[in-house]
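Read through the structure below, which is laid out as structure tokens, and then see the notes.
The values are calculated or read from the model by the stated rules, or taken from the named source; none is laboratory data. Nothing here was measured: the structure is a model prediction, and the numbers come from that model. Using ideal geometry, Cβ is built from the backbone for each residue, glycine included, and neighbour counts are taken over all protein chains shown. Protein only, heavy atoms only, side chains kept; ligands, DNA and RNA dropped before computing areas. Shrake-Rupley method; radii C 1.70, N 1.55, O 1.52, S 1.80 Å.
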Amino acid sequence: MDVLKRPHTVLGDDLEGFYRNKCVAITGAAGSIGSALAEAFARFDCRRLVLLDHFDHGLLDVVERVGRIDRRVELVDALCDVRDGERVARWFDRVRPDVVIHAAALKHVHLGERHPGECVLTNLVGVRNVLAAAQGAGASAFTLVSSDKAASPVCVMGATKRL
């Protein structure tokens, strides 16, 4: 049952082929968007799927769920905060991702308005850290998962996403 009633996107074979036999790292893997991406990528015949998040309980949950989808994919749980550039770089140097999907972000507008510094640290510094680590590790592709809040920002959250 689709509770949210959102349209579903079916990804084509050509896209699946792009990820086949690659190491894919997903930041924010314990979040709603990151975990949905992790489940989708588990079906793409990736060689290795690196799931990175700082929320330990959520990370364990998504690793266990993804592991039930396809036991052939090598799963790496990376307990790490994107705000810590040195730690992200160490993880990426270790796992050498071919592709990085950066979904880690603060996304709740009301909390962002009350805690703007946290938005800046996660949504700006975090992006910079993950991008630098991806480049340093030789990743060939980087995707920033953003939101519609960035289109015409009227709040701190939207402004950090747009920047």
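Under the Karplus relation 6.51 cos²θ - 1.76 cosθ + 1.60, θ = phi - 60°, what is the ordered set of whole-Hz ³J(HN,Hα) values for the range 58-68, x standing for Gly and Pro?
So the J values, rounded to whole Hz, are x, 5, 4, 4, 5, 4, 5, 5, 5, x, 7.
Enumerate the calculated ³J(HN,Hα) couplings along the range 99-107 in order (Karplus 6.51 cos²θ - 1.76 cosθ + 1.60, θ = phi - 60°), each rounded to whole Hz, writing x wherever the residue is Gly or Pro.
Those phi angles translate into 9, 10, 10, 9, 10, 5, 5, 7, 10 Hz.
How many percent of the accessible area of the range 12-101 is carbon or sulfur, using a 1.4 Å probe? Intermediate results must be reported in sequence, preceding the final value.
Working: 2100 of 4480 Å².
Of the solvent-accessible surface of the range 12-101, carbon and sulfur hold 47 percent.
Report the relative contact order of the chain, percent, no decimals, based on alpha-carbon pairs under 8 angstrom and at least 6 residues apart. The partial results should precede the final answer.
Working: 292 pairs, mean separation 33.9, N = 163.
After rounding, I find 21 percent.
Students often get this wrong, so try it: which of (1) 43, 41, 31; (2) 46, 34, 29; (3) 42, 38, 31 is Cα extents along the principal axes in Å as calculated from the structure shown?
It is the value labelled (1).
I need the phi-derived Karplus couplings for the range 39-48: 6.51 cos²θ - 1.76 cosθ + 1.60, θ = phi - 60°, integer Hz, Gly and Pro marked x.
Running phi through 6.51 cos²θ - 1.76 cosθ + 1.60 with θ = phi - 60° gives 5, 5, 5, 5, 8, 9, 6, 5, 5, 9 Hz.
Return the long-range amide H neighbours of Val50 (sequence gap of 5 or more, or a different chain), with a cut-off of under 5 Å between placed amide H atoms.
Close amide H contacts, sequence-distant or interchain: Val24, Ala25, Ile26, Val76.
Sort 23-35, 85-97 by packing, meaning the average of other beta carbons within 10 Å per residue, with the highest value first.
Values: 23-35: 24.8, 85-97: 18.0.
Per-residue mean Cβ counts within 10 Å order the peptides as 23-35, 85-97.
What's the FRET efficiency of Phe18 with Val76 using the Cβ-Cβ distance as r and R₀ = 25 Å, to the nearest 0.05?
After rounding to 0.05, the efficiency reads 0.80.
Around Leu59, with a cut-off of 9 angstrom between Cβ atoms, what is the net charge of the other residues, counting Lys and Arg +1 and Asp and Glu -1?
Values: positive: none; negative: Asp53, Asp56, Asp61, Asp77.
Its environment carries a net charge of -4.
Rolling a 1.4 Å sphere over the protein heavy atoms, what is the accessible area per residue of the range 10-89, to the nearest Å²?
Value for the range 10-89: 51 Å² per residue.
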